[in-house]
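Data block below; observations after.
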Amino acid sequence: MTTPLGGEIYGDALVVLGTAGIVVPLLRRLGVSSVLGYLGAGAILGPYGLGSLRADYGVLPWITISDTKSLGGIAELGVVFLLFTIGLELSYNRLLTMRRLVFGLGSLQVVASTAVIAAICAAAGLDLRLSIILGGCLALSSTAIVVDVLACQRRLATATGRASFSILLAQDLAVVPLLLFLLILGSSAEASVYEALALALMKAALGLSFILIVARLFLRPLFRLVASAGSSEPFMAATLFVVVATGVTASRAGLSMALGAFVAGLLLAETEYRKSVEIAIEPFKGVLLGLFFFTVGMGIDFREILHHPGLVFGAIVALVIVKAAIVLGIAPLFSVPIPAALETALLLGPAGEFAFVGLGLAAGLKLIPAEISGPALAVVSLSMAFIPLLDIAGRKLAERAAAKRPSLDAALFALPETELKDHAIVVGHGRVGQVLCSLLERHRFPFIASDKDPDVVSHHRRLGREVYYGDAANPAFLNACGLQRASALIITITAGDQIVGIVKTALNLRPDLVILSRARDATHAHQLYAIGVTDAVPETIEASLQLSEASLVALGIPAGPAIASIHEMRDEFRAEFQDAARSSGRQVTRAIRRKTLRDRAPKSAEP
């Protein structure tokens, strides 16, 4: 008969699961990042927090953890899954698209930050090897928290989001050579440096070659076989098998499990099973990463902070200033606007989760003494806790910078001075706006386009298109675009509240203006018709009409009748929306008129 597991193991599991299922969701409702929630819970409930008082209070053994070793093995899987996920995100095509920012801005940030921090540590009297280790670890920022902050605020697509994500991507790539560097340094303790380097590189090359060859030969056939079963359970099991098997193989070759999992993710990113794999590992990744951050929090010794508060907080301030100054200095070299560079600099100033990985590995290999690793971990964890506050400060500084200096190119943000007449004003120059403007150019119809993204404006102005940076809800900007002489206002953006504001502003300035607007759905179209839009195009309905047209033609129905029936149905939907708007009790500011751009086109415009 097997010996049953001890109650303490179940107790530790209950503490972690309670943190994940109860504490973290409560903190999320208060606006606290889940990563910070795990770190804080681990610090409070760990052996240096309430766990140190277990023997004095009877209830504490049920809600605290006194030994990190019981969770260490499982927590390591969290790092393995984190690297595997990053490998999935780093597909070749994605890197190729972002190569300028990732390999330019991001690489320069990693190298410069590592060199400057290492130089500061060496000047403070630390060993050169130790200084390089600290520089490499502290140069990395928190992918988990920064991306979470930007995603919650829907800022990933902004200039700040793109710059931050590109630098974080480069930092994630830099983790691989950093881990190799630490492993090589660790192996040099029992042999000469050159022998250790040669042996480590040979083992690493053999291990990675084995993983690459086996993965290339068997990954696609394996997942094709599992997918043919038509069930999610075998697919999930196969994904877990690949992650753990590549990690173990890398570990046997003298590398880290996380490095092997990273390679597996990189290879799977090029297959057709990438999205399904991401979905399969999402629940495991979240729980295991939470466990990893929880164990990291358990390692935070409050006594280090209390004994050396000036050193710890001084190091945090210095770290943020140094890294932020480097980002702010190099970002304009890659056409990142100053306001976005300010936000990015403060977001990436603190350290990140990979510092825990690097410092933990270095401590395990006896490369860094405990009297250095303890304060360093405290600096990392506390600096990460300040990211939300630094984000707020960054946005305020960016607003002030934008007011004083709108852009690197002052002409880019200047109000348009146009003498155009009977032209179109296109609000939004995203994918829809670009297609529309291309068609207007093809038909030689005069227009002015606007967008609130300075990167988009700058790029297309360099290509020769008449695009201006500005807020179309600002009456002065609309008048500068020649609203009083315009043939129509065409709105292509997706934000519903912004569309309503733009329409109301435009109609206050010119009640007879023809306004055509993109709409999210039927409800949004009703709202736009009610406030006076001439024509609203709901995305969902338009997509269904286009699919219906293609289906009718593919089924053998003559193209002429098929297209005519689609136009009739589109008119029926439009009439329905207009009738609903009239009967809703809201006053329509003007009669809805069916005028096309061609009716108001200049005589010189060619069809």
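What to note about this one:
- Per-pair calculated FRET efficiency, R0 = 60 Å: Glu568 and Leu14 via Cβ, rounded to 0.05: 0.40
- Tensor-based shape of the stretch 437-568 (alpha-carbon gyration tensor, a/c under 1.5 rounded, otherwise prolate or oblate): prolate
- In this simple spin-label approximation, Ala237 and Gln546 carry label points 7 Å from Cα along the Cα→Cβ vector, and these lie 4.3 nm apart.
- Between Phe334 and Lys421, the simple spin-label model (points 7 angstrom out along Cα→Cβ) gives 4.8 nm.
- Positive-pole candidate from Leu436, Ala424, Ala476, dipole of the stretch 410-583, charges at beta carbon: Ala476
- Additional length obtainable on full extension of the chain from Asp471 to Glu282, 0.36 nm per residue less Cα span: 64.2 nm
- Sorted on the mean count of surrounding Cβ atoms within 10 Å across their residues, most packed first, peptides 533-544, 212-223, 559-570 read 533-544, 212-223, 559-570.
- Difference of contour (0.36 nm per residue) and Cα-Cα distance, Ala115 to Leu225: 34.8 nm
- Two-site FRET efficiency, Asp521 against Val147, from Cβ-Cβ distance with R₀ of 25 Å, rounded to 0.05: 0.30
- Distance (nanometres) between label positions extended 7 Å along Cα→Cβ at Arg216 and Arg99: 2.1
- Peptide packing: for 22-29, 310-317, the average count of neighbouring Cβ atoms within 10 Å per residue gives the ranking 310-317, 22-29, highest mean first.
Bear in mind that the values in this text are calculations on the coordinates, not laboratory data. Nothing here was measured: the structure is a model prediction, and the numbers come from that model. No Cβ is skipped: glycine too gets one built from the backbone with ideal geometry, and neighbour counts run over all protein chains shown.
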